[in-house]
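Heads up: the structure comes next, in structure tokens.
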């Protein structure tokens, strides 16, 4: 019980401090990883029951009790960028699970235009003389890559919470997780890198026991504190160093998983809120039929998403369609345990 009190106090303290944030240097990390979570509009922190949890809420990977690999690929922004994610989770004794995650955003063939021939000419010359206008043909191209490497750890703890006024004990599953991340950003020949640390918690209980009503499912509460110690991307420019700050983000979430036994189904309703930039709300719905097929819907930041999964020979094939200001994005992925 002492450890449970420490968890609760830590959650409340971190929620109160620095809820709001400004500009975010690691903006590519806000795109989100995994097909299943994004099909639910990014409302996944309180579910976090597969390898994608490394990205969304590392504490959830302790729910994984088999070795698991998840993969995702997407072409973003009408094919301008490629976005990939791979994760691996390995359960260990004593209800501990570790995980590795790699996320990469790649933009190829970015055109460059040399302006060396403009040196020594004033603005009027550049405007009035067509010889000094930039040509429409690029002088070359370069590549931009953003990489996120994460190592995650999670531990599952079980408690019997004494609810004296109800005259019975409520079972509580507590999950504590953390991940260490290494960030590498490369634009042409320039490279910036940095390290960060995330801390996450999740509490889950059975609503049938809590409310003394048969047939109710589980409810879970989760929070993920990203870049809690401050994260900086350091760029080396000749003999000087330039640093970009990645700001602290708080993610708070709740989810309900309700079984519908007559339909061999489970329905999950999830809500997440992020406090980086301006507050962003995420709402997701997942319908699981007999652990063989899923339909998903999501809403976030005035955008919608939808997705589906089908199980083929113990492999889940995932698909999600996500809207944003630049159009529709399609994502595909695989998940399998062994």
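Among the residues that make up the range 308-330, is at least one of them part of a loop (DSSP other than H, G, I, E, B) and at negative phi? Break it down into steps so the answer makes sense when it comes.
Start the filter on the range 308-330 by keeping residues that are part of a loop (DSSP other than H, G, I, E, B), which leaves 313-314, 325-326.
Adding the requirement that they be at negative phi leaves 325-326.
Yes, the range 308-330 has at least one match.
Do the conditions hold for residue 97, that is, is it modelled with pLDDT of 90 or more and closer than 14 Å to residue 331 by Cβ? Working first, answer last.
Working: modelled with pLDDT of 90 or more: yes; closer than 14 Å to residue 331 by Cβ: no.
Judged against the criteria, residue 97 is not a match.
Restricting to the range 189-211, and then to whatever is part of a helix (DSSP H, G or I) and loosely packed, with under 15 Cβ neighbours inside 10 Å, can you tell me which residue is farthest from the chain's Cα centre (by Cα)?
So the first thing to find is which residues in the range 189-211 are part of a helix (DSSP H, G or I), and the list is 207-211.
In the following step, the residues that additionally are loosely packed, with under 15 Cβ neighbours inside 10 Å were identified as 208, 211.
Numbers: 208: 30, 211: 32 Å.
For the range 189-211, the residue satisfying everything is 211.
When residues of the range 165-188 are filtered for being assigned to a loop (DSSP other than H, G, I, E, B) and free of Cβ contacts under 8 Å to residues at least 12 places away in the same chain, how many remain?
Adding up the residues that qualify gives 1.
Need the failing condition index for residue 105 against (1) within 22 Å of residue 141 (Cβ to Cβ); (2) at pLDDT below 90, just the number.
Unmet for residue 105, out of (1) within 22 Å of residue 141 (Cβ to Cβ); (2) at pLDDT below 90: (2).
Condition check ((1) within 27 Å of residue 300 (Cα to Cα); (2) surrounded by 15 or more Cβ atoms within 10 Å (Cβ to Cβ); (3) in contact with a helix residue (DSSP H, G or I) (Cβ under 7 Å, 6 or more places away or on another chain)) across all residues:
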| position | (1), (2), (3) |
| --- | --- |
| 74 | yes, yes, no |
| 92 | no, no, no |
| 98 | no, yes, no |
| 119 | no, no, no |
| 147 | yes, yes, no |
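Please go through the range 296-337 and give me each residue that is loosely packed, with under 15 Cβ neighbours inside 10 Å and within 21 Å of residue 260 (Cα to Cα), ordered by number.
Once the filter is applied, which keeps residues that are loosely packed, with under 15 Cβ neighbours inside 10 Å and within 21 Å of residue 260 (Cα to Cα), the range 296-337 yields only 310.
Out of all the residues in the range 47-69, is one or more part of a strand (DSSP E or B) and in contact with a strand residue (DSSP E or B) (Cβ under 9 Å, 6 or more places away or on another chain)? Working first, answer last.
First, the residues of the range 47-69 that are part of a strand (DSSP E or B): 68-69.
Subsequent filtering for residues that are in contact with a strand residue (DSSP E or B) (Cβ under 9 Å, 6 or more places away or on another chain) retains 68-69.
Taking every residue of the range 47-69 in turn, at least one turns out to be part of a strand (DSSP E or B) and in contact with a strand residue (DSSP E or B) (Cβ under 9 Å, 6 or more places away or on another chain).
In contact with a strand residue (DSSP E or B) (Cβ under 6 Å, 6 or more places away or on another chain), exposed (fewer than 15 other Cβ atoms within 10 Å of the Cβ) and outside any loop (DSSP other than H, G, I, E, B), is that true of residue 143?
Numbers: in contact with a strand residue (DSSP E or B) (Cβ under 6 Å, 6 or more places away or on another chain): yes; exposed (fewer than 15 other Cβ atoms within 10 Å of the Cβ): yes; outside any loop (DSSP other than H, G, I, E, B): yes.
Yes: the conditions hold for residue 143.
Considering each residue of the range 277-288, count those that are crowded, with 16+ Cβ neighbours inside 10 Å and over 18 Å from residue 46 (Cα atoms), and give that number.
So the count comes out to 1.
When you scan the range 216-272, how many residues do you find that are under 30 Å from residue 194 (Cβ atoms), in contact with a strand residue (DSSP E or B) (Cβ under 8 Å, 6 or more places away or on another chain) and surrounded by fewer than 16 Cβ atoms within 10 Å (Cβ to Cβ)? Don't jump to the end; show me each part of the working.
Our first condition is that a residue be under 30 Å from residue 194 (Cβ atoms); within the range 216-272, this holds for 222-253, 272.
With the extra rule that they be in contact with a strand residue (DSSP E or B) (Cβ under 8 Å, 6 or more places away or on another chain), the set shrinks to 222-237, 241-246, 248-253, 272.
Subset that is surrounded by fewer than 16 Cβ atoms within 10 Å (Cβ to Cβ): 229-230, 234, 236-237, 241-243.
Residues in the range 216-272 being under 30 Å from residue 194 (Cβ atoms), in contact with a strand residue (DSSP E or B) (Cβ under 8 Å, 6 or more places away or on another chain) and surrounded by fewer than 16 Cβ atoms within 10 Å (Cβ to Cβ): 8 in total.
Within the range 266-289, can you find the residues that are free of Cβ contacts under 8 Å to residues at least 24 places away in the same chain and within 20 Å of residue 216 (Cβ to Cβ)?
If the condition is that a residue be free of Cβ contacts under 8 Å to residues at least 24 places away in the same chain and within 20 Å of residue 216 (Cβ to Cβ), then 267, 269, 287, 288 are the ones that fit.
The values are calculated or read from the model by the stated rules, or taken from the named source; none is laboratory data. Keep in mind that this is a model prediction, so the values were computed, not measured. No Cβ is skipped: glycine too gets one built from the backbone with ideal geometry, and neighbour counts run over all protein chains shown.
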